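Undergrad: Structure in structure tokens, see below.
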Amino acid sequence: MNFEVGSIVEGKVTGIKPFGAFVALNDNVQGLVHISEVSHGFVKDINDALSVGDVVSVKILSVDEDSKKISLSIRQTQEAPAPAPKKERRPGGFNNKKSTSNNNQDANKGFNTLEAKLKDWLKESTDRQAQLNKRLKK
């Protein structure tokens, strides 16, 4: 094997498994591109990114002469995408709404409604329990 770590070569995809793709570098030598090295983004299904017969540029990550295994990367031959612009954060924490009496009434309304519902639920539960107790006494 005459491949240097760090060099970029072309190869042909010869097989695909859920964990990665096998790429032939020449007639006698194959390497593996792990699914994490296929693209800069998340790859859920490698079949969405590669097909058998595709010609790809790969970077040689490691060469193990003893086991004759070569680790490859397609991702490292591609330019990394620009980071997404950060959303501007406004000072003041989680809720940036101006405090008005309407907002406070709406916020309290939710809790009041829940409190009223809880009373209804407890009454309904007590009524059901009473009906069950009556049936058991019969």
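What follows draws every value from the coordinates through simple rules; no lab data is involved. Fair warning: this is a prediction, and the values are worked out from it, not measured in the lab. Please note: Cβ atoms are built from the backbone with ideal geometry, for glycine as well, and neighbour counts cover all protein chains shown.
Undergrad: Filter the cross-link list Lys44/Lys86; Lys17/Lys44; Lys44/Lys69; Lys117/Lys137 down to pairs whose alpha-carbon distance in this structure exceeds 22 Å.
TA: Beyond 22 Å between Cα atoms: Lys44/Lys86; Lys44/Lys69; Lys117/Lys137.
Undergrad: Can you give the net charge of the other residues whose Cβ lies under 11 Å from the Cβ of Pro18, counting K and R as +1 and D and E as -1?
TA: Net charge around Pro18: +1.
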